[in-house]
Amino acid sequence: MRSENYIIFTQDNVKLCEAELIYINIDRAAFIIDSVITLTKISRMEKIRFHKVEDYPEMFEAEVYQVKGEKLFVENLKNITAQLRSDLKVRVSYKSSVRVIDSASPLNINIQSRDISCGGICFQAEQDLMTTELYETVVPITQDPIILKLRIIRKVFDKEKNVYVYGARFVELKHNEERMLRQAIFRLQMIARKKIKVKEKQNEKAE
């Protein structure tokens, strides 16, 4: 088989390295990694995650069972793409808008996000939106803003803030759109983790 490049992640979706795939089947896979330090880190892990570099059709999780020389061997592969669509979530606040698709008089309704995942978004708005409509929204967290379709699946009125809080699911999400979303969410997660580490170090110094 022709060689393919993959990105290796921890179970917390932190990027470790890029690796060359040697082989893959239903239950096992093997990679070549040219960093001894990275291989040493991986050898101490129970599981890793990985997906192709050039595209994002699928994400896999697997158990680490051997590191030999420059090779990494994993087993018990599990496709976790669907799971990550809902699990990979990050708190983020940005202003955008939604509008009803195919409306005779489409109006842009201002919203503010609360969190986002590859499966959907939680946002707030002053307007009472219909759950039967199909909407589209601009997502600005990606390298280039993208317009995604969504359907509202949950609606709650926040009396304290006098706004409606919506849970919406992305629909008809294309592979390249999901890849862009995932990259943006990974980046935001890493920024959040760095802030937490900085704060922890500051607290340690204060003590």
*Name the GluC sites (Glu not before Pro) in segment 101-144 that are in a loop by DSSP and that have at most 12 other C-beta atoms within 10 Å, would you?*
GLU126
*Using modelled amide H (1.01 Å from N, peptide plane; none on Pro or chain starts), what sits under 5 Å from the amide H of GLU4, excluding residues fewer than 5 places away?*
LEU21
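Assuming R0 = 25 Å, can you tell me the calculated FRET efficiency for the pair ARG114 and GLN202, based on Cβ-Cβ distance, to the nearest 0.05?
Numbers: r = 27 Å, r/R0 = 1.07.
Here the calculated transfer efficiency is 0.40.
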*What's the longest bit of the chain with no exposed trypsin sites (Lys or Arg not before Pro), using DSSP loop states and at most 10 other Cβ atoms within 10 Å as the test?*
45-158
*For ASP12 and ASP144 in the same chain, what is the full-extension length gain: residue separation times 0.36 nm, less their Cα-Cα distance, in nm?*
45.0 nm
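Apply the a/c threshold of 1.5 to the C-alpha gyration tensor of segment 86-183 and tell me whether it is rounded, prolate or oblate.
oblate
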*Out of residues 5 or more away from LYS47 or on other chains, whose amide H comes under 5 Å of its own, with H placed 1.01 Å from N in the peptide plane?*
VAL64
*Compute the separation of the alpha-carbon centres of segment 131-158 and segment 26-44 and state it in Å as a whole number.*
38
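Which shape class, rounded, prolate or oblate, goes with segment 129-205 when its Cα gyration tensor gives a ≥ b ≥ c as root eigenvalues, a/c under 1.5 marks rounded, and past that a/b bigger than b/c marks prolate?
It comes out oblate by the Cα gyration axes.
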*Given Cα pairs under 8 Å that are at least 6 residues apart, what percent is the relative contact order of segment 4-79?*
31
*Ranking THR132, THR137, THR10 by Cβ neighbours within 10 Å, fewest first, what do you get?*
THR132, THR10, THR137
*Whole-number percent relative contact order across the chain, with pairs defined as alpha carbons under 8 Å at least 6 apart*: 14
*Just the number, please: Stokes-Einstein D of segment 4-79 in µm²/s, Kirkwood Rh from C-alpha pairs, 37 °C, 0.692 mPa s.*
274
_Just want the ordering: HIS175, HIS51, from fewest to most Cβ atoms lying within 10 Å of their own Cβ._
HIS175, HIS51
*Grab the Cα-Cα distance for ILE22 and ARG44, subtract it from 0.36 nm times how many residues apart they are, and report the gain in nm with one decimal.*
5.8 nm
*Simple spin-label estimate for ILE37 and GLN183 in nanometres, 7 Å along Cα-Cβ*: 2.5
*Residue by residue through segment 29-40, which ³J(HN,Hα) values in whole Hz follow from phi under the Karplus form 6.51 cos²θ - 1.76 cosθ + 1.60 (θ = phi - 60°), with glycine and proline marked x?*
8, 9, 10, 9, 10, 8, 10, 5, 4, 5, 4, 5
*Exceeding the 25 Å Cα-Cα cut-off - candidates LYS71/LYS194; LYS52/LYS201; LYS71/LYS197; LYS41/LYS195; LYS95/LYS155*: LYS71/LYS194; LYS52/LYS201; LYS71/LYS197
*Straight distance only, please: which aspartates and glutamates reach the Cα of LYS149 with their own Cα at less than 15 Å, same-chain residues fewer than 8 apart left out?*
ASP102, GLU133, GLU136, GLU172, GLU177, GLU178
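On average, how much area does the Cα convex hull of the chain cover when viewed from any direction, in nm²?
Over all viewing directions, the chain projects a mean Cα-hull area of 15.6 nm².
Taken together, the values in this text are just the output of simple stated rules run on the coordinates, not laboratory data. Remember, predicted model here, so these are calculated numbers, not experimental data. Virtual Cβ from ideal backbone geometry, glycine too; neighbours counted across all protein chains shown.
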